Amino acid sequence: MQSARRGFRHRARERRFGAIGLGAIGLAVLGGLAGCATDEGHLTLASTRPVSIDARDLRDLDFEKLPVMRDIEGSHTAVTSVLLIPTFTGPHLEVAVEDALDRGHGDLLTRAHVSTTKWWFLIGVETLTVRGNVVDLPEAQ
C-alpha cells in the first residue's frame, strides 16, 4: 500500500514538473518572438522614376483629372540577423516605394506614410512599409 502511494506521489510530481517545464518552454518561445512596430514618418512626394515636376509642367496639369489609386501599400523585407549575428543588411525605402508604384500602376507616390516592423526568433526580420496614393502622370511630349 505504501509503495502504491509513493508511486502516486511520484507520478503527481512528474506531472507538476512536466507542466512547469512546458510552461517555461512556452514562455521562452513567447519571449523569443519579440518584435516592435515603428512609425518612421510621412513623405509628401516620393518616386524612384524620372518625373518632371517643373513649375511649367505642373501649371499645365489638371490634378482633378489625373488617375489616382488611393491607399496603395508597398514593402520590402530583409533578414537583419541570424542567431544574433548581424547581416548588415536591411530593407530599402526605394524598393518599398517602387513596389507601391508598381502595384498602383503610377509614377508618383503622394502622402506616403512610412513604418517598419521588426521581429526576432533565431533570425531577425525587418519590413519597411510605405502606404500612400499613387498618381499616374501623363507622358511628356
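Each value in this text was obtained by applying a stated rule to the coordinates, not by laboratory testing. Computed from a predicted model, the values in this text were never measured in an experiment. Here the Cβ positions follow ideal geometry from the backbone for every residue, glycine too, while neighbour counts run over all protein chains shown.
Please list the non-local residues whose amide H lies under 5 Å from the amide H of Leu137, H modeled 1.01 Å from N, same-chain partners needing a gap of 5 or more.
Placed amide hydrogens put Asp107, Leu108 under 5 Å from Leu137.
Counting other C-beta atoms within 10 Å, and keeping those with at most 12, which DSSP coil trypsin sites (Lys or Arg not before Pro) do you find in the stretch 61-141?
Numbers: sites: Lys65, Arg70, Arg103, Arg111, Lys118, Arg131; in loops: Lys65.
Within the stretch 61-141, the qualifying trypsin sites (Lys or Arg not before Pro) (loop, at most 12 other Cβ atoms within 10 Å) are Lys65.
For the stretch 93-110, in order, what is each residue's ³J(HN,Hα) by Karplus, 6.51 cos²θ - 1.76 cosθ + 1.60 with θ = phi - 60°, in whole Hz (x at glycine and Pro)?
Per-residue couplings from phi come out as 4, 5, 6, 5, 5, 4, 4, 5, 5, 5, 5, x, 6, x, 10, 9, 9, 10 Hz.
Mind running the shape call on the stretch 35-135? Use the C-alpha gyration tensor, a ≥ b ≥ c as the square roots of the eigenvalues: rounded below 1.5 for a/c, prolate if a/b tops b/c, oblate otherwise.
Numbers: a/c = 3.25, a/b = 2.74, b/c = 1.18.
Prolate.
If neighbour count is taken as other Cβ atoms inside 10 Å, put Phe121, Phe88 in order from fewest to most. Working shown, then result.
On the way: Phe121 13, Phe88 7.
With the sparsest Cβ surroundings first, the list reads Phe88, Phe121.
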